[in-house]
1. Could you name the aspartates and glutamates whose alpha carbon sits less than 19 Å from that of residue 43, not counting residues in the same chain fewer than 8 places away?
2. When Lys and Arg each count +1 and Asp and Glu each count -1, what net charge do the other residues less than 15 Å away from residue 94, Cβ to Cβ, add up to?
3. Among 17, 60, rank each residue by its count of other Cβ atoms within 10 Å, from fewest to most, as a rough exposure measure.
4. For the stretch 1-78, what class follows from the C-alpha gyration tensor (a ≥ b ≥ c being the square roots of its eigenvalues): rounded when a/c is under 1.5, otherwise prolate if a/b is larger than b/c, else oblate?
5. Which of 41, 21, 64 moves most in a GNM of the chain, Cα contacts under 10 Å?
6. Quick one: order 78, 50 by neighbouring beta-carbon count within 10 Å, fewest to most.
7. Find which of 16, 85, 3 sits farthest along the positive direction of the dipole of the chain, computed with +1 on the beta-carbon of Lys and Arg, -1 on that of Asp and Glu, about the Cα centre.
8. As a check on your grasp of the helix formula, calculate [θ] at 222 nm for the chain: sum -39500 (n - 2.57) over DSSP H runs of n ≥ 4, divide by the residue count, round to the nearest 500.
Amino acid sequence: MILRDPAYLIYLRSQPCIITGQYANDNESVVAAHIGTAGKGLKSPDDWALPLSHWVHQECHQKGEISTLRKLSPDWLLRAAFRALAEKLYREWKDER
């Protein structure tokens, strides 16, 4: 079952863009952008959404999600993502023991 949580998406829209660090303002909105796909023609679950400036989200659609996020992601975000993956792998290893 794919998670749908409209209240969470509203919350994400109130957060700063993870790429630019800017909140929505009169000139730019922040959207809850679903990252990845859940299958052909299916939107990803809401727990796979991140706050992105509208222009970043549009570029993901136009130029490709991975290449856009790779090009625009700040170093702190990449480090945080790799640390989260490392912690997940350690927890899984620990749980298997």
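Nothing in this text is a laboratory measurement; each read-out follows from the coordinates by a stated rule. Remember, it's a predicted structure, so these values are computed and weren't measured experimentally. Positions of Cβ are backbone-derived with ideal geometry, glycine not excepted, and every protein chain shown enters the neighbour counts.
1. 5, 59, 65
2. Numbers: positive: 88, 91, 97; negative: 87, 92, 95, 96.
Net of charged neighbours comes to -1.
3. Values: 17 23, 60 19.
By the 10 Å Cβ count, ascending, the order reads 60, 17.
4. Numbers: a/c = 1.74, a/b = 1.17, b/c = 1.48.
Here the stretch 1-78 falls in the oblate category.
5. 41
6. Numbers: 78 12, 50 19.
With the fewest neighbours first, 78, 50 line up as 78, 50.
7. Comparing the listed Cα positions along the dipole, 85 ranks first.
8. On the way: 4 runs with 48 residues, N = 97.
For the chain, the value works out to -15500 deg cm²/dmol.
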